[in-house]
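The structure appears right after this line, and notes come after that.
Readers should treat all values here as calculations from the given coordinates under stated rules, not as data from a laboratory. It should be emphasised that the depicted structure is a prediction, and the values quoted were computed from it without experimental measurement. Heads up, the Cβs are rebuilt from the backbone with ideal geometry, glycines too, and the neighbour counts pull from every protein chain shown.
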Amino acid sequence: MSDTELFQEAVAPIGGLYRSGEGVSPEVADHVETHFAWLAQYARVLESEARCAFRPCFGLIANREFNAVAFRIESGTACVGINVGAIQAIDGIFCRMMASRSIMVQIGSIEKEVEQLPLQSPHLETLTDSMTAQTLPRCPTRRWFADAHTKQAIRFLLRHELAHIANGHVDFLAAQHGQRFTTELDWINGDASAQFDRQVIEFDADCCAASWWCGVFLEEWFKQSGCLKPSEMADAEVDLAVKDELGMAFFQWRFPYLRCSACLATPDLRGMT
């Protein structure tokens, strides 16, 4: 069996591989394809933060729930799956935000946007409705900003799932609690010890996903700025350089990361614009 077939078999209980046009509106399918085309290749070539190179089998799962999963198939191959609902919800959040006339008004031509109706409750189910596409920003600059934030949030989510495999979280949970899949939501709480294990694991995965981005970004900036020995720079010097020259770039990364984290932590999305 191919990796795709093995992945399909493993995730069959929670939904198969996503195929555009299967019970979804053309607008929704277009959004998912836009944010998924680059993602599959991106997942295949990554190396782990734990310094043990591996090539994960990656797939988008045809499940409308907001979730993602890391696991191993019986042969030991590492697998990461992101639910189509998560892709659509993240895209919908940033589209709604940047199509609003009251959020980040300094970006682009805010006068091109129109007032939106409040997001219907239950909010997450509305965002993941297979027949409902959220309003797109009318200003091209704000549309680009929404797409860029969506991709950053998905990159963070993917890195987070890869850390669950690379740092041994999946293997630990399988050995300790018999939990084959490591899902972000809807996992079995268990006793106090199991809950504590899960909190530590999630914190570690968040830190790995965040530190990877910061490290890559700073390494590239040091190269371009001609700094040959960044380790010899004092922390205060780095902070000043980052604040003056990289402040906006770090904001554009942190903002989608925080929104994605809030969506995971607060599924009902109360107060969502």
* Quick one: what are the phi-derived ³J(HN,Hα) couplings along region 167-173, Karplus 6.51/-1.76/1.60 with θ = phi - 60°, whole Hz, x for glycine and proline? => 8, x, 5, 4, 5, 5, 5
* To do: Return Leu127, Leu173, Leu39 ranked ascending by Cβ neighbour count within 10 Å, so the fewest neighbours appear first.
  => Leu39, Leu173, Leu127
* Structure fact -> With a Förster distance of 45 angstrom and the Cβ-Cβ distance between Met248 and Asp171, calculated FRET efficiency to the nearest 0.05 equals 0.70
* Structure fact -> Of all GluC sites (Glu not before Pro) in region 63-169, the ones in DSSP coil with at most 11 other Cβ atoms within 10 Å are Glu74, Glu115
* Structure fact -> If amide H atoms are modeled at 1.01 Å from N in the peptide plane, then the residues at a separation of 5 or more from Ile73, or on another chain, having amide H under 5 Å from its own are Cys79
